[in-house]
Amino acid sequence: MKKTSIIIILFILFRLGCFAQNNLKQHYNLMPWPNEITESNAKFLIDSAITISIIGKDQGRVRNASVNFLRRLTNRTGVFINEGFPIKTGKGSIKISFETIAKLSIDDDESYTLNINEQNIQLTAKTDVGILRGLETLLQLTTNNETNYYFPGVTITDAPRFVWRGLMIDAARHFQPVDVIKRNLRAMASVKMNVFHWHLTDDQGFRVESKTYPKLQELASDGLYYTQNQIKDVVNYASNLGIRVIPEFDVPGHASAILTAYPELGSKDGYNYAIERFSGVFDPTIDPTKDITYQFLENLFTEMTPLFPDDYFHIGGDENEGKHWNENKNIQAFKQKHNLKTNHDLQTYFNIKLEKILNKLGKKLMGWDEIMTPNMPTTALIHSWRGENEGLPKGGTLINAAKAGYKTVLSNGFYIDRMQSVDYHYSIEPIGDILLTAEERANILGGEATMWTELATPLTIDSRIWPRTAAIAERFWSKKGINNIENMKLRLKDVSYKLEELGITHLKNRDVILRNITNNQDITPLLDLLKICEPLKIYQRNKDGIEYKTFSPFTLFADACSSDAEDAYIFNTSVYEFLENQNEDPLNRLLKYLEKWSGNHKLFSEIKSNPKLKPIKPLSINLSKTSQLLMDILTRKKTDKNELNILKEALTTLNQPHVDVEIVIYEPLNKLVDYCEQHYVTP
């Protein structure tokens, strides 16, 4: 056979394989999408006889996961099973087998193979953590018809693209109790995330009990901190889910809380250090020239590192503007004596000292990308967070770190507290098309979604993390080519509501906030507004960090809104479809929304007003006014310039920020106004 014929055949087979995978994505709500999946006509019936057996020297993870799997399965299906725990005969209808216990490190093998036929299910893996990942896939395959629940006949071979798939939760700005952390760990495990980065110290609080330096919790936490037993409990809980825990103790900047307790470590004598109530970057900075600084940090790290078994220990190191260093004559003299020309050089001096301390304690230093300076040893792990928003070239610091020989993790593009859409985050390709050597590619460990909590409390944090982070988890696990946004959204809708079975409150607490705003009156008109509004993005809310304090109310309309307004997406899609082809179907869809919104203010007006509700009223009035005018014009297909001017004025008012939200149907509405002006204006 000629070479060209072989190439053509291989190309056809490749295209058929891609078509088959895309077709399967229409049937199965799997997230992250597995590496390889093939299906048969078989169905494994989920009935009372279902059992699990385990082959492998389990130390608890697989048994715990199996029991949890059975509980979630019965709750999801309503099936009364006979055996609620793994059986010991080795003849379960779900047969689990693995070889070794994972150490929970970047070297773990998380691959698995899942085979489902009519008689049994076989789940095999190299490690126990691989089994955990496979059980989550199996549970996502739960399917039903009118009479039965079943698992479809499929064979799946799966492994992650990146070894580091993390979520950072900031417990310093707003303290997040243990139950909040645990429910998010469960959600992380459900989408195969494996690193929990726990931001524990910042200007607004020090959140860990210290027996060596008790003033840290006594003076710098407002009484909101984790005991050491709670830390151990969370770390153990995460370990059972196959999740590593990386602590972050942020130094030398972001140190207001530490210096409130121990002001002698500060860079400005006589300064009135206090826990910060606002958000932003502040001046208080630890003095890197004092011997007592390193004695303090060595003693503190010696106490803290045993609580966290992971190899890595995050020291922060970000956003130090060095103002207090510049104002301190002793620090300036120290820089001159040690030939440290800039504050970056001084901070590198500080970081190297910390790396030696951590190495002595058996840990590897990790820090935000500001720590990457020419003299910083390549044994440090660089956490890449800066990009175009911070004035850097596209691609940020990740590739530079990998090429310089550092292991590195990406968060640029995955700052979920910025309230950008799931479309935006899902479109971020961690590496892109940049050519890397095998060694440089191996240096890129993966990524983390980062949830800073200046504007997030235990009531709202789940809605700021989920469900977008499930889509981000897919970018970290699945192949590079799994990137179709429309298909992702179809699967994400199913994943989103199933997160509730794990305790995630992103849907429930929305209504809790709205009931609070209305004083427990009908929330329907607020829900209709909420579904076309999104919180102001990229820190436009709380501009300069001074609109909200840590104890301000976070039960406002903006706190109930999500980053992906569901009705806006459908309406906007219908508008652009209509403008492209002028078909009746999209026109009828968008007219139904306009009709609903035109009558929404009448329902809104029936709610007894109160000071929380009053600021939302202009939004409600202008939405109904704009919708009614536009619906009338589109229905009768006729207008005049006077009516159009009234419509444009209403639309301009509607586009103004209201109660810290933006209405995300403005552009399509404006396009419809332009269409009406071009097609329906009469002389």
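Take ILE570 and LYS612, extend 7 Å from each Cα along the Cα→Cβ direction, and tell me the distance between the two endpoints in nm.
2.7
Going by the alpha-carbon gyration tensor, a ≥ b ≥ c the square roots of its eigenvalues, is the stretch 528-683 rounded (a/c under 1.5) or, if a/c is not under 1.5, prolate (a/b greater than b/c) versus oblate? Mind showing how you got there, number by number?
Values: a/c = 2.12, a/b = 1.86, b/c = 1.14.
Prolate.
Just want to confirm a number: the relative contact order over the stretch 237-366, from Cα pairs under 8 angstrom separated by 6+ residues, in percent. Before the final figure, lay out each step's value.
On the way: 163 pairs, mean separation 39.4, N = 130.
It comes to 30 percent, rounded to a whole number.
Taking the solvent-accessible surface of protein heavy atoms with a 1.4 Å probe, what is the per residue accessible area of the stretch 59-131 in Å²?
Working: 3660 Å² over 73 residues.
Solvent-accessible surface per residue comes out at 50 Å².
Looking at the chain, what % of its DSSP beta bridges pair antiparallel, to the nearest 5?
35
Quick check for you: which residues of the stretch 213-227 have the amide N under 18 Å from the point 7 Å beyond the Cα of ASP179 toward its beta carbon?
224-227
Remind me, relative contact order of the stretch 40-164 in percent, using alpha carbon pairs under 8 angstrom and six or more residues apart?
Details: 267 pairs, mean separation 40.3, N = 125.
Result for the stretch 40-164 is 32 percent.
Give the calculated FRET efficiency between TYR294 and LEU436 to the nearest 0.05, with a Förster radius of 45 Å applied to their Cβ-Cβ distance.
Step by step, r from the Cβ atoms, then E = 0.75.
Using label points projected 7 Å from each Cα along Cα→Cβ, tell me how many nm separate GLU118 and GLU580, to one decimal.
The two pseudo-label positions are separated by 4.4 nm.
Among LYS335, LYS126, what's the order by accessible area (1.4 angstrom probe), most exposed first?
From most accessible down to least: LYS126, LYS335.
Between LYS360 and LYS323, what is the label-to-label distance in nm when each label sits 7 Å out along the Cα-to-Cβ direction?
3.4
Which pairs, out of LYS617/LYS637; LYS232/LYS363; LYS192/LYS356; LYS290/LYS549; LYS508/LYS625; LYS498/LYS596, put more than 25 Å between their alpha-carbon atoms?
Cα-Cα > 25 Å for LYS617/LYS637; LYS192/LYS356; LYS290/LYS549; LYS508/LYS625; LYS498/LYS596; rest within.
Set the Förster distance to 25 Å, then compute FRET efficiency between ILE87 and ASN144 from the Cβ-Cβ distance, nearest 0.05. All intermediate terms of the calculation are to be shown ahead of the outcome.
Details: r = 25 Å, r/R0 = 1.00.
My answer for the efficiency is 0.50.
Please list 3J(HN,Hα) in residue order for the stretch 362-368, calculated via the Karplus relation 6.51 cos²θ - 1.76 cosθ + 1.60 where θ = phi - 60°; whole Hz, with x for glycine and proline.
Karplus-based 3J(HN,Hα) across the stretch 362-368 equals x, 10, 10, 6, 10, x, 4 Hz.
Step through the residues of the stretch 582-592 one at a time and calculate ³J(HN,Hα) from phi using the Karplus curve (6.51 cos²θ - 1.76 cosθ + 1.60, θ = phi - 60°), rounding each to whole Hz and writing x for Gly and Pro.
For the stretch 582-592, the Karplus-derived couplings read 6, 6, 6, 4, x, 4, 5, 5, 6, 5, 5 Hz, x marking Gly and Pro.
Top to bottom by accessible area (1.4 Å), largest first, where do MET188, MET631 land?
If we order MET188, MET631 from most to least accessible, we get MET631, MET188.
Just need the relative contact order of the stretch 444-571 here, percent rounded to a whole number, with Cα pairs under 8 Å and 6+ apart.
In percent, rounded to a whole number, it is 29.
Amide H to amide H under 5 Å from TYR312: which residues, 5+ apart in sequence or cross-chain, H placed 1.01 Å off N in plane?
Under 5 Å from the amide H of TYR312 lie the amide H atoms of LYS364, each far enough along the sequence or on another chain.
Counting each DSSP H run of 4 or more residues in the chain as -39500 (n - 2.57), what helix-only mean residue ellipticity at 222 nm follows after dividing by all residues, to the nearest 500 deg cm²/dmol?
So the calculated ellipticity at 222 nm is -13000 deg cm²/dmol.
Please give the contour-minus-distance gain from GLN228 to LYS403: 0.36 nm per residue of separation, less the Cα-Cα distance, rounded to one decimal in nm.
Extending this stretch completely gives an extra 59.1 nm.
Over what distance in Å are the Cα centres of the stretch 278-338 and the stretch 58-116 separated?
So the two Cα centres are separated by 45 Å.
Quick one: 3J(HN,Hα) in Hz for the stretch 278-293, Karplus 6.51/-1.76/1.60 with θ = phi - 60°, rounded, Gly and Pro as x.
Calculated HN-Hα couplings, in order: 9, 10, x, 10, 10, 6, x, 9, 5, 7, x, 9, 8, 4, 5, 4 Hz.
Toward the positive end of the charge dipole of the chain, about the Cα centre and with charges on Cβ (Lys, Arg +1; Asp, Glu -1), which of ASN229, ILE37, SER279 goes farthest?
ILE37
Taking the dipole about the Cα centre of the chain, with the C-beta of Lys and Arg at +1 and of Asp and Glu at -1, give me whichever of ILE646, VAL673, SER66 is farthest to the positive side.
With unit charges placed on the Cβ atoms, the residue in question is SER66.
Provide the FRET efficiency to the nearest 0.05 for the SER48-TYR424 pair, computing r from the beta carbons and using R0 = 51 Å.
0.65
Between GLN332 and ILE546, what is 0.36 nm times their sequence separation minus the Cα-Cα distance? Round to one decimal in nm.
Full-extension gain reported as 73.9 nm.
So how do ASP522, ASP433 rank on accessible area, 1.4 Å probe, biggest first, that is with the largest at the start? The partial results should precede the final answer.
Values: ASP522 90, ASP433 135 Å².
The residues order as ASP433, ASP522, largest area first.
The values are calculated or read from the model by the stated rules, or taken from the named source; none is laboratory data. Since we're looking at a predicted model, the values are computed, not measured. Quick reminder, even Gly has a Cβ in these numbers, built from the backbone with ideal geometry, and neighbours come from all protein chains shown. Ligands, DNA and RNA are excluded from the accessible area calculation, which covers all protein heavy atoms including side chains. Shrake-Rupley method; radii C 1.70, N 1.55, O 1.52, S 1.80 Å.
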